[in-house]
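Following: one structure in structure tokens, then a few remarks.
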Amino acid sequence: MTATSPAVPRAYDASTATAEEAAVRVPIEQYFQGHAKDDASCMRQAFLPTAHIESMREGPFTSWTREVYCERFKGTPAPDEATRVRRIDWIDVHGTAACAKITLIHGPVTFTDYFVLLKTEEGWKIANKAFHGQPT
């Protein structure tokens with residue numbers, strides 16, 4: 001989006017994405033692959049080493065480092081992987097900072113993820129993730 005864009009991010013459409021939006025999509029796709037393959041190495045590619053993954057899980061605040069989060073991935077895709085849905089709802093880019101809203105439908109739970117991303121020397125990386133899960 002540009003400085004003259006509306007305050008509300010527009011729906012993401014890969015066919016009309018700017019070059020920078022397409023570049024922001026790279027770590028998001030790595031994140032999607034991490035889920036699809038249950039692969040921590042994909043998550044390490046997507047996230048900055050200092051990233052935190054945060055939520056209000058069943059009431060209490062939860063904050064994981066990237067490495068604690070990566071411990072959840074064991075290399076065994078979910079039995080229902082073929083039916084899972086992951087989509088980018090929107091991406092908003094300003095200079096070297098961006099944010100994105102992601103929806104993941106993983107069986108009985110639908111997750112809404114909000115990413116803060118930064119453009120680094122290695123390309124765009126997810127700096128932090130906040131998420132909410134609810135019954136599908």
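Given the structure, is residue 121 loosely packed, with under 12 Cβ neighbours inside 10 Å, under 16 Å from residue 26 (Cα atoms) and either at pLDDT 95 or above or over 14 Å from the mean Cα position of the chain (by Cα) (or both)? Answer is yes for this residue.
Listed conditions (1) open to solvent by 60 Å² or more (accessible area, probe 1.4 Å); (2) closer than 17 Å to residue 104 by Cβ; (3) in contact with a Ser or Thr (Cβ under 8 Å, 6 or more places away or on another chain) are all met by residue 72, apart from (3). Figure legend. Inter-residue proximity from region 108-134: first residues without any contact (Cβ under 8 Å) to a residue 40 or more places away in the chain and within 14 Å of residue 66 (Cβ to Cβ), second residues of a type outside the set (A, V, I, L, M, F, W, C) and assigned to a strand (DSSP E or B), beta-carbon distance below 7 Å, spacing 6+ or different chains. Indicated pairs: 116/128.
State yes or no: is residue 62 open to solvent by 70 Å² or more (accessible area, probe 1.4 Å), in a strand (DSSP E or B) and farther than 15 Å from residue 24 by Cβ?
no
The residues listed here are 88, 105; of these, the one that is over 21 Å from residue 48 (Cα atoms), in contact (Cβ under 8 Å) with a residue 12 or more places away in the chain and either touching a helix residue (DSSP H, G or I) at 6+ places or on another chain (Cβ under 8 Å) or of a type in the set (Val, Ile, Thr) (or both) is 105. Where residues in region 89-107 are at pLDDT 95 or above and part of a loop (DSSP other than H, G, I, E, B), which of them is farthest from the chain's Cα centre (by Cα)? Taking the candidates together, the pick is 95.
The values are calculated or read from the model by the stated rules, or taken from the named source; none is laboratory data. No experiment lies behind these values; they were computed from the predicted model shown. Because the Cβ atoms are built from the backbone with ideal geometry, glycine has one as well, and the counts that use them run over all protein chains shown. When the accessible area is computed, the model is the full protein with side chains, heavy atoms only, and any ligands, DNA or RNA have been set aside. Shrake-Rupley method; radii C 1.70, N 1.55, O 1.52, S 1.80 Å.
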